[in-house]
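J.: Dropping a structure here in structure tokens format, bear with me for questions.
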Amino acid sequence: MDTVEIKGSNIPGVRQALDQGLKLPSRGLAKVLEDNISTYSNPKPVFQTTYLSDTIRISRDQDGKIFVYTKVDDSTDPTDYSGTVSDLGITKLLEGFNDSILKFYL
């Protein structure tokens, strides 16, 4: 895979860049890491498909974990996340911190 395109990030700012069609050069990045870090080698995961039909795929990874994928829709259009608010959960994190530690209420 030469490039990776990520949609719908929950990180404000990053999401806007990614949703504009930013493609990350994954193969090039991996080569830079391999060329500059002597202990790094690109992972080469094993992912075997053991059953495949028009509606289901059953696969197994290198650790023997089984993944079952089902086809929900025939559409190949990407999901539109423009109506979903970017959120890191910071508000809930701070609320939980306040409720557990500070206990400061107005």
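The values are calculated or read from the model by the stated rules, or taken from the named source; none is laboratory data. In this text, all values refer to a predicted model and were calculated from it rather than measured experimentally. Backbone-built Cβ (ideal geometry, glycine too); neighbour counts: all protein chains shown. Side chains are part of the model used for accessible areas, which takes the heavy atoms of the whole protein and leaves out ligands, DNA and RNA. Shrake-Rupley method; radii C 1.70, N 1.55, O 1.52, S 1.80 Å.
J.: Using 0.36 nm per residue, how much length does the chain from Arg60 to Val72 gain when fully extended, once their Cα-Cα distance is taken away?
T.: Full extension of this stretch gives 2.3 nm more.
J.: Another question, if that's okay. Accessible area per residue of region 35-106 at 1.4 Å probe, in Å²? Walk me through the numbers before you get to the answer.
T.: Details: 6750 Å² over 72 residues.
Value returned for region 35-106: 94 Å² of accessible area per residue.
J.: Determine the shape class of region 21-96: with a ≥ b ≥ c the square roots of the Cα gyration tensor eigenvalues, call it rounded for a/c under 1.5, and otherwise prolate if a/b is greater than b/c, oblate otherwise.
T.: Because a/c hits 1.5 or more and a/b fails to exceed b/c, region 21-96 counts as oblate.
J.: Can you tally the net charge around Ala17? Count Lys and Arg as +1, Asp and Glu as -1, for every other residue whose Cβ sits under 14 Å from the Cβ of Ala17.
T.: So the environment of Ala17 carries a net charge of +1.
J.: Among Arg60, Arg27, what's the order by accessible area (1.4 angstrom probe), most exposed first?
T.: These residues rank, largest area first, as Arg27, Arg60.
J.: Of the heavy-atom accessible surface of the chain (probe 1.4 angstrom), what whole percent is carbon and sulfur?
T.: Solvent-exposed carbon and sulfur of the chain make up 58 percent of the total.
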